[in-house]
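Each remark here refers to the structure printed beneath this line.
Any read-out appearing in this document is the output of simple, stated calculations on the displayed coordinates, not a laboratory observation. Owing to the predicted nature of the structure, the values given are computational and were not obtained by experimental measurement. Using ideal geometry, Cβ is built from the backbone for each residue, glycine included, and neighbour counts are taken over all protein chains shown.
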Amino acid sequence: GENVEQHPSTLSVQEGDSAVIKCTYSDSASNYFPWYKQELGKGPQLIIDIRSNVGEKKDQRIAVTLNKTAKHFSLHITETQPEDSAVYFCATGGGYNKLIFGAGTRLAVHP
Amino acid sequence: KAGVTQTPRYLIKTRGQQVTLSCSPISGHRSVSWYQQTPGQGLQFLFEYFSETQRNKGNFPGRFSGRQFSNSRSEMNVSTLELGDSALYLCASFDQRVQETQYFGPGTRLLVL
């Protein structure tokens, strides 16, 4: 069945360090891979997404890489700041506008 | 543009009651999906609507239902509430021209006592 595994579940870094979150998926039909950031008391906020015809995408301090053969994709945050502290979710989409989410990674950035 | 709005933001109900949650998508978006978020099960897809038609449904019991109106606003209803229905219910809006790029609202937090 459809499944997305996300690691690690918690991540603690010092301000200025890089953070990497990894996800693997099972459905070969997945062709859309968004990442969301959720702060306390708020809904998930789309921060970056990538489609299956692209291997890497970057937006300022955030980048996502995709390896379709291995069925995994990763989020990279460079020069982390305290305001990056939140829960991050990966997800996959394979049509029909239904997203399958990973379990989330709680990122803590310490000043 | 204004974002996705959901009402009410918080709700307390007792077992056996029913509840209706409302979602207004981003202006111009005609597609809406609903998700349930709990600490134990994470984010799970409930259903998706486009032009008043349900196109996709997740693995939830029939107590969970929804609809979409001609102005794209959507409602979801949960009947015969159970303690396990306590969750954050999220609505996401998306532009059909950009497949699957979904923008979430702040959610409605439902507590069932």
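The charge dipole of chain B, taken about the Cα centre with unit charges on the Cβ atoms of Lys, Arg (+1) and Asp, Glu (-1), comes to about 160 debye, rounded to the nearest 20. From largest to smallest, the equivalent ellipsoid semi-axes obtained for chain B from the alpha-carbon gyration tensor read 23, 14, 13 Å.
Plugging the Kirkwood radius over Cα pairs into Stokes-Einstein for the protein assembly as shown, at a temperature of 20 °C and a viscosity of 1.002 mPa s, what D comes out in µm²/s? Display every interim value, and only then the final one.
Working: Rh = 18.0 Å.
After rounding, the answer is 119 µm²/s.
Evaluate Rg over Rh across the range B:1-50, taking Cα atoms for both radii and Kirkwood's formula for Rh. Display every interim value, and only then the final one.
Working: Rg = 13.0 Å, Rh = 12.9 Å.
Radius of gyration relative to Kirkwood radius: 1.01.
Straight-line reach only, C-alpha to C-alpha below 17 angstrom: list the aspartates and glutamates that A:K71 could link to, leaving out same-chain residues fewer than 8 apart. By straight Cα distance, A:K71 reaches A:E2, A:E5, A:D27, A:D49, A:E56. Look at the dipole of chain B built from charges on Cβ: of B:Q36, B:Y89, B:N71, the Cα furthest out on the positive end belongs to B:N71. Structural descriptor for the range B:1-98: relative contact order 36 percent, calculated from alpha carbon pairs under 8 angstrom and at least 6 residues apart.
With a cut-off of 11 Å between beta carbons, the residues surrounding B:G107 carry a summed charge of +3, where Lys and Arg count +1 and Asp and Glu -1. A Cβ-based charge dipole, computed about the Cα centre of the range A:19-111 with Lys and Arg at +1 and Asp and Glu at -1, lands at about 240 debye. The trypsin sites (Lys or Arg not before Pro) found in the range B:59-108 that occupy coil by DSSP, while having at most 11 further C-beta atoms within 10 Å, are B:R97. Most simply put, the protein assembly as shown has about 90% antiparallel DSSP beta bridges, counting only bridges with both residues inside it.
Only four residue types carry charge here, +1 at the Cβ of Lys and Arg and -1 at the Cβ of Asp and Glu. Report the dipole size of the protein assembly as shown about the Cα centre in Debye, rounded to the nearest 20.
Details: 23 positive and 19 negative charges, 120 e Å.
Computed about the Cα centre, the dipole is about 580 debye.
The Cα-based radius of gyration of the range A:18-104, divided by its Kirkwood radius, gives an Rg/Rh of 0.95. Using a Förster radius of 41 Å, what is the FRET efficiency between B:T14 and A:A29 based on their Cβ-Cβ separation? Nearest 0.05, please. It comes out at approximately 0.45.
Checking the cross-link pairs A:K37/A:K58; A:K42/A:K98; A:K22/B:K57 against a 23 Å limit on the alpha carbon distance flags A:K22/B:K57 as lying beyond it. B:F94 sits among other residues whose Cβ lies under 11 Å from its own Cβ, and their net charge, with Lys and Arg +1 and Asp and Glu -1, is -1. Once the dipole of chain A is set up with Lys and Arg at +1 and Asp and Glu at -1 on Cβ about the Cα centre, which of A:N67, A:P8, A:Y36 lies farthest towards its positive end? It is A:N67.
Under 5 Å from the amide H of A:E15 lie the amide H atoms of A:H110, each residue being 5 or more positions distant or on a separate chain, with H modelled from the backbone and absent for Pro and chain starts.
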